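*Asks:* If you scroll down you'll find the structure; I have some questions about it.
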């Protein structure tokens with residue numbers, strides 16, 4: 001499975017906002033400058049983080065983004081879910097069914113197994129990401 005580059009950027013946004021030295025919100029433009037990425041593209045990512053209630057946005061002078069929750073309440077799963085959504089890893093396109101049209105029963109058995117395996121793998125991956133918080137990462141960075 002390949003995550004989009006937006007996940008890395010979202011993780012970077014979260015890390016910048018989680019900095020304990022930070023005393024004020026950070027604007028989208030300031031984030032984009034620090035990360036050397038397009039402010040327009042970063043707005044799309046930060047918007048997804050706002051919708052997922054991982055960060056909040058304040059308008060006007062002194063406005064910008066801050067974390068919406070404590071670091072121990074945000075998991076890597078939350079960040080990935082905000083950016084990538086809940087689409088299954090495996091999304092059959094019907095190719096196997098077309099290629100092996102005369103073997104429908106075998107195809108059905110095989111596809112059921114493949115879909116089950118990918119579904120279980122995705123659940124285990126998701127469950128693991130739910131165990132890692134921003135706080136865990138910060139502690140590892142500070143003491144690792």
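*Asks:* Which members of segment 90-118 meet the condition of being under 26 Å from residue 8 (Cβ atoms) and surrounded by fewer than 13 Cβ atoms within 10 Å (Cβ to Cβ)?
*Replies:* Listed by number, the list holds a single entry, 91.
*Asks:* Read through the list (1) assigned to a helix (DSSP H, G or I); (2) closer than 19 Å to residue 134 by Cα; (3) under 16 Å from the mean Cα position of the chain (by Cα), then give the number of the only condition that residue 31 fails.
*Replies:* All conditions pass for residue 31, except number (3).
*Asks:* Please go through segment 61-88 and give me each residue that is within 16 Å of the chain's Cα centre (by Cα), exposed (fewer than 13 other Cβ atoms within 10 Å of the Cβ) and within 23 Å of residue 133 (Cβ to Cβ), ordered by number.
*Replies:* 85, 86
*Asks:* Out of the residues in segment 1-59 that are in contact (Cβ under 8 Å) with a residue 60 or more places away in the chain and touching a strand residue (DSSP E or B) at 6+ places or on another chain (Cβ under 9 Å), state the one that is surrounded by the most Cβ atoms within 10 Å (Cβ to Cβ).
*Replies:* Checked segment 1-59; the qualifying residue surrounded by the most Cβ atoms within 10 Å (Cβ to Cβ) is 14.
Read-outs throughout are calculated quantities, based only on the coordinates presented, and are distinct from any laboratory measurement. Worth saying up front: this structure is predicted, and the values here are computed from it rather than measured. A quick note on method: Cβ atoms are made from the backbone with ideal geometry, for glycine too, and the neighbour counts reach across all protein chains shown.
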